[in-house]
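Here is the structure we will look at.
The values are calculated or read from the model by the stated rules, or taken from the named source; none is laboratory data. The model shown is predicted, which means the values in this text are computed figures rather than measured ones. Here the Cβ positions follow ideal geometry from the backbone for every residue, glycine too, while neighbour counts run over all protein chains shown. To get the accessible areas, we keep the full protein, side chains included, count just its heavy atoms, and leave off ligands, DNA and RNA. Shrake-Rupley method; radii C 1.70, N 1.55, O 1.52, S 1.80 Å.
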Amino acid sequence: MTAAREERLQLDAASVDNARTTLLQLLARAGVYSGDAEELIGLVEAGALAVAHEELSGTGRQAPPGSGEPYAAGWREGSRAVTEGLAGLADRALGKAVAAEAEGEPDPRTRVGRMEVERAKVAVVPLYLTFSEESDLDPEVTEQVLASALATMGARQRAAYPGRLTSFAADHRTHLERLYATYGPGSAIAIHGRYTLVHSPTSLAVLERLAAHPAELREEWDAAELPPAWLDGLTRAWDATV
């Protein structure tokens, strides 16, 4: 076997399964429930397939320079078949990872899981720190606020929520900078009261949901018995800094 051939060898199924099992065992020792660990690994697998699909859908469909038209046409057709296959694999992997709702389910929204809230925390805190200082809002309240925001989405949407948050922060950066400078940490506005939520990283998630689905958010907010003044104060701060 040549060195070049050896470098091109792909991991076989047994080796992949070994790595997965090892990771599950290590996470279990760290106190991560097996279901949560399986979900995270599944999302990484689905994401890897989605990224491969995206890459091959671009330059991967172009035939090598100098190819004749018959060859190029065959290349494009083969590339299309591969990318469509990858898209299907990615979709099935995502459905399995998020335990997608059964066919015929009347409401695509499912109960928000603990790991979904944890993923939202990991996404929102670094984004918030690009605008302001991190606050010390009660961790339990933080989870309740994020769960209310996530409850407005289906399982697949929640899996992609970090990307939505990143896009929202980029699209509204100037507006958000004004809001946090005026009402957030370091401003003259006290942390307790109507504008409490502006001092929390969760405010980014709430603002994104207010922009996308305000009625659904208010419904979930009321169901969680969160202070109406927090939501009203965040809305007022957002409108006042346009």
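Here are the numbers for the structure shown:
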{"read-out": "Ser67 accessible area, 1.4 Å probe, all protein chains in place, Å² to nearest 10", "value": "40 Å²"}
{"read-out": "Largest to smallest accessible area among Glu225, Glu220 [probe 1.4 Å]", "value": "Glu225, Glu220"}
{"read-out": "The chain, accessible surface, carbon-and-sulfur percent (1.4 angstrom probe)", "value": "56 percent"}
{"read-out": "Cα-based helix-to-principal-axis angle, 202-212 vs the chain, degrees rounded to 10", "value": "80 degrees"}
{"read-out": "Fraction of alpha-carbon pairs over 31 Å apart in the chain - percent", "value": "41 percent"}
{"read-out": "Expected 222 nm ellipticity per residue - DSSP helices of 4 or more, -39500 (n - 2.57), all of the chain, to 500", "value": "-21500 deg cm²/dmol"}
{"read-out": "Karplus 3J(HN,Hα) series, Hz, for the stretch 159-172 with 6.51 cos²θ - 1.76 cosθ + 1.60 (x for Gly, Pro)", "value": "5, 9, 5, x, x, 5, 4, 4, 5, 4, 5, 6, 5, 10"}
{"read-out": "Using a Förster distance of 25 Å, the FRET efficiency for Val82-Ile41 (Cβ separation, nearest 0.05)", "value": "0.55"}
{"read-out": "Per-selection Kirkwood Rh - the stretch 128-242 (Cα, Å, 1 d.p.)", "value": "14.1 Å"}
{"read-out": "Rounded accessible area of Arg209 (nearest 10 Å², 1.4 Å probe)", "value": "0 Å²"}
{"read-out": "R0 of 35 Å, Cβ-Cβ distance Tyr71-Ala240: FRET efficiency to nearest 0.05", "value": "0.05"}
{"read-out": "Cβ crowding within 10 Å averaged over residues, with 48-54, 152-158, 17-23 ranked highest first", "value": "152-158, 48-54, 17-23"}
{"read-out": "Rounded tilt (10° steps) of 34-57 against the dominant C-alpha axis of the chain", "value": "60 degrees"}
{"read-out": "Per residue value of the accessible surface for the chain (all protein chains in place, 1.4 Å probe), Å²", "value": "58 Å²"}
{"read-out": "Length-normalised contact order for the chain - Cα pairs under 8 Å, 6+ apart - percent", "value": "17 percent"}
{"read-out": "Nearest-10 value in Å² for the accessible area of Glu77, using the 1.4 Å probe", "value": "110 Å²"}
